[in-house]
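So the structure is just underneath, and the comments pick up after that.
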Amino acid sequence: MWGGRFAAGPDEVMAAINVSIGFDRRLAKQDIEGSLAHVRMLEATGLISAADSSAIQGGLDTIATEIREGRFPFREAYEDIHMNVEARLAELIGQAAGRLHTARSRNDQVATDFRLWVRDAIDAIAGQVGELMAALADKALAHAGAVMPGFTHMQSAQPVTFGHHCLAFVEMFERDRGRLADARARLNESPLGAAALAGTSFPIDRAMTAAALGFARPMRNSLDAVSSRDFAMEFLAAGSILAVHMSRLAEEIVVWSTAQFGFVRLSDRFSTGSSIMPQKRNPDAAELVRGKTGRVIGAMIGLMTVMKALPLAYAKDMQEDKEAVFAAADTLSLCLAALTGMVTDMSVNPERMKAAASAGFATATDLADWLVVQLQMPFREAHHVTGRLVKAAEQKGVDLSALSLAEMQAVEPRIGAAVFDVLSVEASVASRASLGGTSPDNVRREAQSWRDKLGLQ
Ligand code: ARG
């Protein structure tokens, strides 16, 4: 491509460090879309003839077919996807191929291709996040009234419902979708036409190529257009937060599916056995979702480190932007599919959940609140009295609701039989009917509204 100035080809090591076709071949579809938009614009502005334009478009169509059918010769000798496509175009249509690169550089070309690729990845991943949310909303509706212990410090705190717990993740994933949508809106501007870095002397129509590629508008500064990769960093940042959220859900699944908890059982399709311990049902997929978080965060740190302190405009360092993004998108997609499958398939054990909720004195707060309301006790005193009641129950080896009235009155004589109404875990969750609270009615309504929002029948 630059033979004019060079007497010798590159050293083997030079070629090895420079070559990117092994990974940027994933930009093939976007590269052809970008070239088609560019050539149509060159024709519309009179920069190339209609005949050359149609030859180029025909050749690009052939290349697209070759790629789709796995027949395209990706060749290391042509370094990257842009030069592979152009070289193949020359083989297919001859001389006219040389006119495609008029008013364009690989710098605006790669920036365009990569934006298009990340945009597609965002759309696919956001769609998958929606599927995971739908699976969680379904489980939430089915188990809106299933009482389980809610935890703080991983210690039994207050009863909540399983549906409420599922919907907490739905809220988190909705914000992830929002972050992806924000990133998409910001990235959706066209760098094409910025050329190498300074713009071009040809009278191109950047609005036309921007519109053809579905961009909202052309970028306003040619240096920025070829130098910036914040769109990819933002995708990785949003993806990293998504990965963190997925890993937290995965961790819950790991814990819930232990024999000790037994809150959920993963399906055979999403469990693995042990080669030595026949009783094992391992949650490998959940553990891997948890573990793969590091790859996504690593990709974000990696790209930020590549971009840090790079002078404007393009530098070849930026060729290092792609692999991390591709890998992170693949990882996010795989983890989303695995989590969605696990959640959809898992069976929930409300009896085990209820037993656990009833075991950890989880209604102690309800008892304290009752003392405040019924006996007009200051909360601090109620807290203290409840603490002594918990101690009594603990010594007897029973839950609060299993203490006799006499045993309670030994601690606080004014307690009456009505106290038992608030000591059940069901009464506890039903009473949490404030906005955002865990009451089954709230949860049912929220789950239904998520299912509507997500378009579920
Ligand atoms: N393969 C290159 C990349 O991904 C394309 C841009 C090359 N531009 C250049 N001036 N050498 O960054």
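Determine the principal axes of the Cα atoms in the range 376-438, then give the extent along each, sorted from largest to smallest and rounded to whole angstroms.
Rounded to whole Å, the extents work out to 37, 26, 19 Å.
At 1.306 mPa s and 10 °C, plugging the Kirkwood radius over alpha-carbon pairs of the range 340-401 into Stokes-Einstein gives what diffusion coefficient in µm²/s? Display every interim value, and only then the final one.
Details: Rh = 13.5 Å.
Roughly 118 µm²/s, to the nearest whole number.
Counting only Cα, what are the radius of gyration and maximum Cα-Cα distance Dmax of the range 291-339, in Å?
For the range 291-339, the Cα-based Rg and Dmax read 12.8, 41 Å.
Kindly express, to the nearest 10 degrees and within the range 0 to 90, the angle between helix 364-375's C-alpha long axis and the longest C-alpha principal axis of the chain.
50 degrees
Ignoring ligands, DNA and RNA, please state the percent of accessible area on the chain from carbon and sulfur, probe 1.4 Å.
Heavy-atom surface of the chain belonging to carbon and sulfur, 1.4 Å probe: 55 percent.
So what's the back-of-envelope 222 nm ellipticity for the chain, counting only DSSP H runs of four-plus at -39500 (n - 2.57) apiece and dividing by all residues, rounded to 500?
Rounded to the nearest 500, it is -20000 deg cm²/dmol.
Under a straight-distance cross-link criterion of Cα-Cα below 27 Å, which lysines are reachable from Lys316, leaving out those fewer than 8 residues away in the same chain?
Partners within reach: Lys29, Lys308.
How big is the chain by the Kirkwood estimate over distinct Cα pairs, in Å?
Across the chain, the inverse of the average 1/r is 26.2 Å.
Rounded if a/c is under 1.5, else prolate if a/b beats b/c, else oblate: with a ≥ b ≥ c from the C-alpha gyration tensor eigenvalues square-rooted, which is the range 252-383?
Verdict is oblate for the range 252-383.
Quick one: which residues, 5+ away or cross-chain, put their amide H under 5 Å from the amide H of Val160? H built at 1.01 Å from N.
When sequence neighbours closer than 5 places are left aside, the close amide H contacts are Met148, Gly150.
Kindly work out what percent of the DSSP beta bridges joining two residues of the chain are antiparallel, to the nearest 5.
That works out to approximately 80 percent antiparallel.
How much area per residue is accessible in the chain when the probe is 1.4 Å and only protein heavy atoms are counted (Å²)?
Result: 46 Å² of accessible area for each residue.
Report, to the nearest 10°, how far helix 284-307 tilts away from the longest principal axis of the Cα atoms in the chain, using its own Cα long axis and a range of 0 to 90°.
Its long axis makes an angle of about 50 degrees.
With only Lys, Arg, Asp and Glu charged, each at its Cβ (+1 for the first two, -1 for the last two), find how big the charge dipole of the range 215-361 is about the Cα centre; round to the nearest 20 debye.
200 debye
What's the longest uninterrupted piece of the chain once you rule out the chymotrypsin sites (Phe, Trp or Tyr not before Pro) that are loop residues per DSSP with at most 10 other Cβ within 10 Å?
In short, 7-457.
Run down the aspartates and glutamates and flag those whose C-alpha is under 19 Å from the C-alpha of Lys354, throwing out any fewer than 8 positions away in its chain.
Glu252, Asp366, Glu394, Asp399, Asp421, Glu426, Asp441
By how many degrees, between 0 and 90 and to the nearest 10, does the Cα long axis of helix 350-359 differ from the longest principal axis of the chain?
Roughly 60 degrees, rounded to the nearest 10.
The values are calculated or read from the model by the stated rules, or taken from the named source; none is laboratory data. Worth saying up front: this structure is predicted, and the values here are computed from it rather than measured. Neighbour counts are summed over all protein chains in view; Cβ atoms, including those assigned to glycine, are modelled from backbone coordinates with ideal geometry. Protein only, heavy atoms only, side chains kept; ligands, DNA and RNA dropped before computing areas. Shrake-Rupley method; radii C 1.70, N 1.55, O 1.52, S 1.80 Å.
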